[in-house]
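This report refers to the structure that appears directly beneath it.
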Amino acid sequence: MEARETELLTMMSYQVANVYDLTISQLHELTAENQVTAFFTKRTETRSNKNGCWKKIGGTETVLDCNGHEVLGAITNFQFFIGPFGTESDWFVTEYVLDESYGARQDIPKEPVEYVVCVLEFAHQRAGLSSSGIP
């Protein structure tokens with residue numbers, strides 16, 4: 001990540017982390033005691049790493065302005081699957097993406113538009129999993 005990008009995002013008081021490259025233990029460290037944490041993450045097509053992959057769950061929801069006329073962005077949910085056989089974990093990410101054309105019309109610098117806001121959630125209560133996130 002370039003220093004200018006980091007500086008812009010830090011000025012907006014958000015943490016910057018590449019959520020999609022982290023291991024389960026790093027996810028735990030990143031969220032510390034919070035079950036839900038938000039980060040800026042560089043936009044990527046591939047959401048996998050050597051430890052597993054983030055699979056899209058459900059559809060992508062379009063976010064409209066308050067009048068319902070202009071597209072502001074999109075919301076997509078992902079769940080982390082561990083290892084080559086895809087063992088389901090209880091780690092979830094909700095990705096909030098700003099629509100590029102909306103960002104351009106609002107004079108938002110291009111650098112932040114290349115990022116998505118990811119809300120990372122460890123929801124072990126929903127599935128009755130251990131604190132490691134593995135069934």
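General remarks:
- In the range 66-83, the count of residues that are buried (at least 17 other Cβ atoms within 10 Å of the Cβ), aliphatic (A, V, I, L, M), more than 11 Å from the chain's Cα centre (by Cα) and within 22 Å of VAL36 (Cα to Cα) is one or more.
- Which numbered condition GLY128 misses (of (1) at pLDDT below 80; (2) closer than 19 Å to ASN51 by Cβ; (3) exposed (fewer than 11 other Cβ atoms within 10 Å of the Cβ)): (2)
- Candidates in the range 84-97 are the residues that are over 16 Å from PHE39 (Cβ atoms) and in contact with a helix residue (DSSP H, G or I) (Cβ under 7 Å, 6 or more places away or on another chain); of these, the one that is surrounded by the most Cβ atoms within 10 Å (Cβ to Cβ) is SER89.
- Single condition ASN77 does not satisfy, out of (1) among the polar types (S, T, N, Q); (2) touching a helix residue (DSSP H, G or I) at 6+ places or on another chain (Cβ under 7 Å); (3) modelled with pLDDT of 85 or more: (2)
- For the range 28-60, a residue qualifies if it is closer than 18 Å to ILE82 by Cβ, open to solvent by less than 80 Å² (accessible area, probe 1.4 Å) and at pLDDT below 85, and the qualifying residues are HIS28, LEU30, THR31.
- When VAL93 is tested against (1) within 21 Å of GLN15 (Cβ to Cβ); (2) modelled with pLDDT under 85; (3) in contact with a Leu (Cβ under 6 Å, 6 or more places away or on another chain), exactly one condition is not met: (2).
- Verdict on THR6 being modelled with pLDDT under 85, of a type in the set (Val, Ile, Thr), more than 22 Å from ALA123 (Cβ to Cβ) and exposed (fewer than 13 other Cβ atoms within 10 Å of the Cβ): no
The values are calculated or read from the model by the stated rules, or taken from the named source; none is laboratory data. Quantities reported herein were computed from a predicted structural model and do not represent experimental measurements. As a convention, Cβ positions derive from the backbone with ideal geometry for all residues, glycine included, and neighbour counts pool all protein chains shown. Ligands, DNA and RNA are stripped out before the accessible areas are found, and what is left, the full protein with its side chains, is counted by its heavy atoms. Shrake-Rupley method; radii C 1.70, N 1.55, O 1.52, S 1.80 Å.
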